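Here is the structure we will look at, set down as structure tokens.
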Amino acid sequence: MLYSYLIQRFLLMFLTLLGMSIIIFVLLRLVPGNIVDIMFDSAGFVDPDEKKTIEKELGLDLPIYEQYYHWIVGLISFDLGFSYVSEMPAVDEIGPRIPITAKLAALSLFFSILFGLPLGVISAVKQNTALDYALRVVSLSGLSLPSFWLALLILMACVSYTGAIPIYTETPETLWDELLLYLLPSAAVGFRASALIMRLTRSSMLEVMRQDYIRTAMSKGASDNAINYKHALRNAVLPVTTIVGIEAAFLIGGLIITETVFNIPGVAHFLVEAILMRDYPIVQSLVMFIAIIVVVINFLTDLAYAALDPRIKYSD
Amino acid sequence: MSSIENSEEVGRNKTKNRSKWYRIKRLCQTYPLGAIGSFIVFLVVFAAVFADFVAPYDPTTTSAKMSLSPPGSDMLFGGDMMGRDVLSRIIHGARISLAVGIGSTLLGGVIGTIIGLMCGYWMGLFDLLIQRIIDMMQALPLLVMALVMAASLGPSLENTIIAISIPLVPQVARVIRSNVLSLRELPFVEAARAVGMSDLRIVFRHILPNTLAPLIVLGTAQLGSAILTEASLSFLGLGVPEPYPSWGRMLSESAAEYVRVAPWLVIFPGIAISAAVFGANLMGDAVRDFLDPRNQG
């Protein structure tokens, strides 16, 4: 049972990724015109022969399905082609940036849980009180503040208090320096993402607190705290874990902006640069990379959920 | 007989007039946050519609003298680096935000509804295929997808609307599909089929009207994120191009360079974006509570 479920889910994940690679590939070619056109447009002269040579070098003269085939074969063998702009292998460009973004993302996730979970519980326990309303407004404002604005405000606050702009200028030397540098950006991303967790925790808590076994516990004379934290919270947290996948997608969106504002040389910042330069190989591979991460995280969450909740069976 | 009916009619009209305001008052009391949100959205709509009359200056007129002038009696929110009035640019920026926000929500809603209706009513292979594609689209973050689309479509108002609307489609299609799946088994649909109505007529006359409530709930919820995405795209330089004043671009123009010397360039456009999105979100929450009592909380 377990194995067939695993295999089924794994195959589905693989198919999803294959489909996504097609979608990404097509999305990037919606409009005629490629990097060579842009290079020539900005250079202001057009020599058709030269243009052809460059297109050939970059493989843009091949039929579209062959271009796709080369990309996929490359992806599987970790050969992502060359960046049009820097002329470095895309792998060498992306590789060193992954740890930076991974650390930022982990720290942001930490912050989002740190803010989101307790506030969601409090909001549910104190439902419809002034505190609940205030917390709901805070969480909604978390969803409403643009992350770039939040980041800019943090920058401004730092400037006025310390006189220095805490943006990334050189590679930090010690772990402590690194942590300090990442603390503010990840708090900004985490605050926004915490709103999602908080809202879900709140509604999940409220849902659980309406159930019979809570009433049983109440009638047995259990204290409020015991009911809220021993009986309700345990069951309420479970659905919250399922949104880790959505959360991952949400975090990536936040990181794109925040890395740009704080000038952190991570994957997300690089994606924006590559998009602005129309650097196809990089954009294509980076978006695919993001897709793989989100899909794998979703896969793992599904498994974790099935393992955590005995009510879920492995068959459909 | 007729006189009695008339007097009843008159009486009903009277209470109707009073009860209209009474009901609005009651609604505001039941959903105080929703009322605040609706008021904010109303302000934004008002600013967008009457921008030409409300704005104290022309948003594109530059003036060397007023360059980076701090907020004061001349320019309430200060001037930007080219001496343009920030307040006027914010008021005119409401147009872009709303045009893109409402435009992409509507476009995404229409496409999503059509796909959802087709999937839910026909089911089968078509449905399976579309559902898989929707799964795939949902695995990409909204902003990443909008970025890629905006980049490949090129910067213009229409393209920005399209770039934001497509990532909104999957959610709408999902919700509509699941609604249709339950609706299509209900007796009134069966009855319509029994009298020989065409599929098209059943779907549009009988099923679609019953999916309106969830559609409105979803639409108001998506409005906020659409406005936010437009601001983010413009901030990154991929949104609506000049000369339209866009809130997101106002921030990117001023970003790190002017943080030290002209904080008002950062503060006011940011407040505008946050307030608009916040209002839309508050309104969306209230609409959800109002139309879908099961989801309360």
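The values are calculated or read from the model by the stated rules, or taken from the named source; none is laboratory data. From a predicted model like this one, the values you see are computed outputs, not experimental measurements. With ideal geometry, Cβ positions are generated from the backbone for all residues, glycine too; neighbour counts draw on all protein chains shown. Just so you know, the surface numbers come from the protein's heavy atoms only, side chains and all, with ligands and any DNA or RNA stripped out. Shrake-Rupley method; radii C 1.70, N 1.55, O 1.52, S 1.80 Å.
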field: Close pairs from the stretch B:117-139: first at the interface with chain A (Cβ under 8 Å from one of its Cβ atoms) and under 25 Å from A:ILE243 (Cα atoms), partner open to solvent by less than 50 Å² (accessible area, probe 1.4 Å) and among the small types (Gly, Ala, Ser), Cβ under 7 Å, at least 6 apart
entry: B:ARG132/A:GLY19; B:ILE133/A:GLY19; B:MET136/A:GLY19; B:ALA139/A:ALA291
- line: If we ask which residues in the stretch A:278-298 are open to solvent by 20 Å² or more (accessible area, probe 1.4 Å) and within 17 Å of the chain's Cα centre (by Cα), their number turns out to be 6
field: the stretch A:20-31 residues that are facing chain B (nearest Cβ under 9 Å), paired with ones that are at pLDDT 85 or above and in a loop (DSSP other than H, G, I, E, B) (beta carbon under 6 Å, 6 or more apart)
entry: none
task: Working carefully through the options B:GLU257, B:GLU242, find the one that is within 21 Å of B:GLU158 (Cβ to Cβ), more than 13 Å from the chain's Cα centre (by Cα), more than 8 Å from every other protein chain (Cβ to nearest Cβ) and modelled with pLDDT under 80.
output: B:GLU242
- request: Examine the stretch B:173-193 for a residue that is assigned to a helix (DSSP H, G or I), of a type in the set (D, E, K, R) and either in contact with a helix residue (DSSP H, G or I) (Cβ under 6 Å, 6 or more places away or on another chain) or under 25 Å from B:LEU143 (Cβ atoms) (or both), and state whether such a residue exists.
  value: yes
task: Select from the stretch B:203-235 the residues that are in contact with a helix residue (DSSP H, G or I) (Cβ under 6 Å, 6 or more places away or on another chain), aliphatic (A, V, I, L, M) and surrounded by fewer than 18 Cβ atoms within 10 Å (Cβ to Cβ) and list them in ascending order.
output: B:ALA213
- request: Please tell me if A:ILE76 is under 24 Å from the mean Cα position of the chain (by Cα), surrounded by fewer than 19 Cβ atoms within 10 Å (Cβ to Cβ) and more than 30 Å from A:PHE191 (Cβ to Cβ).
  value: yes
- prompt: Would a scan of the stretch A:138-157 turn up a residue that is over 15 Å from A:SER204 (Cα atoms), open to solvent by less than 40 Å² (accessible area, probe 1.4 Å), more than 7 Å from chain B (Cβ to nearest Cβ) and polar (S, T, N, Q)?
  reply: yes
message: Which count do you get for residues in the stretch A:217-239 that are free of Cβ contacts under 8 Å to residues at least 12 places away in the same chain and polar (S, T, N, Q)?
response: 3
statement: With criteria (1) in contact with a helix residue (DSSP H, G or I) (Cβ under 7 Å, 6 or more places away or on another chain); (2) away from chain A (no Cβ under 14 Å), B:SER274 comes up short on (2)
Only one of A:ALA102, A:ALA188 that is aliphatic (A, V, I, L, M) and within 14 Å of chain B (Cβ to nearest Cβ): A:ALA188
- prompt: Could we say that B:GLY219 is at pLDDT 80 or above, within 14 Å of chain A (Cβ to nearest Cβ) and out of contact with any strand residue (DSSP E or B) (no Cβ under 7 Å at 6 or more places or on another chain) here?
  reply: no
query: Got at least one residue in the stretch A:160-171 being open to solvent by 30 Å² or more (accessible area, probe 1.4 Å) and modelled with pLDDT of 80 or more?
result: no
task: Would you point out the residue of the stretch B:74-132, among those that are open to solvent by 10 Å² or more (accessible area, probe 1.4 Å) and of a type in the set (Gly, Ala, Ser), that is farthest from B:ILE267 (Cα to Cα)?
output: B:GLY124
message: Looking at the stretch B:148-159, can you tell me whether even one residue there is within 17 Å of B:VAL240 (Cα to Cα), modelled with pLDDT of 90 or more and open to solvent by 20 Å² or more (accessible area, probe 1.4 Å)?
response: no
message: Among the residues in the stretch B:183-199, are any within 14 Å of chain A (Cβ to nearest Cβ) and either open to solvent by less than 70 Å² (accessible area, probe 1.4 Å) or closer than 16 Å to B:MET123 by Cβ (or both)?
response: no
query: Does B:ALA262 fit the bill of being in contact with a Leu (Cβ under 7 Å, 6 or more places away or on another chain) and in a loop (DSSP other than H, G, I, E, B)?
result: yes
- request: Among the helices (runs of 4 or more DSSP H) lying completely within the stretch A:193-277, list those that include at least 2 residues that are more than 9 Å from chain B (Cβ to nearest Cβ), buried (at least 18 other Cβ atoms within 10 Å of the Cβ) and not basic (Lys, Arg).
  value: A:233-242, A:244-261, A:267-277
query: Does B:ILE176 satisfy the criteria of being open to solvent by 40 Å² or more (accessible area, probe 1.4 Å), under 22 Å from the mean Cα position of the chain (by Cα) and at pLDDT 85 or above?
result: no
